[in-house]
Amino acid sequence: MCPVPFNANNSAAVDHSRAASMHIKNPAITEVLTRRAAYEGLLPLAGARVLELGCGPAELTREIATNAPGVSVTALEVDRIQHQKNVAIQDLPNVVFGLGGAEAIPVPDASFDIVVMFHSLHHVPLQSLDQALLEIRRTLKPGGLAYFEEPVFDGEYCEILRLYHDEQFVREAAFQALMRRWPPAYWSL
C-alpha cells in the first residue's frame, strides 16, 4: 500500500536487480490491518473526487462510496462484460462507471484528488505500465494521492498458484514500474 503525493517532475532511475528480491516483509511489524482500515487511515476520502482503476465487480467501489461522506467515485473497468454488470448497479448515486484502462484514462487533466488501484496494477499490460503511471499523474490534482495495493508474490499459496498461473513476473514488473515513477521516498507503507 502506498499513497503517493503528486509531483509532475518526479522520475528516478531504478536498480532493476531488486525485482528478483521483491519481498516486502518486516518481522518487526506485527500490526495487522484490514484493507479498509489501511486505506481509510491513509486517504482523506471525505469529500474527495476518487478514481478507481480496475474496479472489477465494484465491491471496493461500493465500500468507498457508501462509507466516505461526500465522496464521488469514478470507477473504470477494462472488461466489457464486468463493465456492463457495473453499469446496471442502481444504488450508488455518487459513482460513475466507465470502460477504460489505466494506460488511457478518459478524463481531463487534474480531475481527481485520489486515484486508487486495488490489486490491479499488475494486470496492466507490461508494455503499458509506465504509461499507466504517467496517466495516473496526469489525472491527479496537484497535491493529490495515488494509492496502490498490490499482492506480494510470496508464500505457499503463491507457489501452488505458480503451477497453473505464475504471476510473479507481472507483480514484480508492476512493483518496478512504481519504483521508476515514484521512488520509495514518496511512499508511505
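The values are calculated or read from the model by the stated rules, or taken from the named source; none is laboratory data. The shown structure was predicted, so the numbers you read here are calculated from the model rather than taken from an experiment. Note: ideal-geometry Cβ built from the backbone for every residue, glycine included; neighbour counts use all protein chains shown.
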Exercise for the section: Would you be able to say whether some residue in segment 113-126 is acidic (Asp, Glu), touching a Lys or Arg at 6+ places or on another chain (Cβ under 9 Å) and touching a residue at least 24 places away in the same chain (Cβ under 8 Å)? Expected result: yes
Handout entry: Within segment 78-101, tally of residues that are closer than 27 Å to Gly143 by Cβ and within 15 Å of the chain's Cα centre (by Cα)
Key = 2
Exercise for the section: Mind telling me which of the residues Ala28, Ala58, Ala48 ends up being small (Gly, Ala, Ser), farther than 22 Å from Arg137 by Cα, buried (at least 17 other Cβ atoms within 10 Å of the Cβ) and at pLDDT 65 or above? Expected result: Ala58
Problem - Residues (over 12 Å from the mean Cα position of the chain (by Cα) and under 19 Å from Gln82 (Cβ atoms)) located in segment 102-127 - result: Glu103, Ala104, Ile105, Pro106, Pro125
Handout entry: Those strands (runs of 3 or more DSSP E) lying entirely in segment 76-176 with at least 1 residues touching a helix residue (DSSP H, G or I) at 6+ places or on another chain (Cβ under 7 Å), at pLDDT below 95 and surrounded by 19 or more Cβ atoms within 10 Å (Cβ to Cβ)
Key = 112-118, 140-149
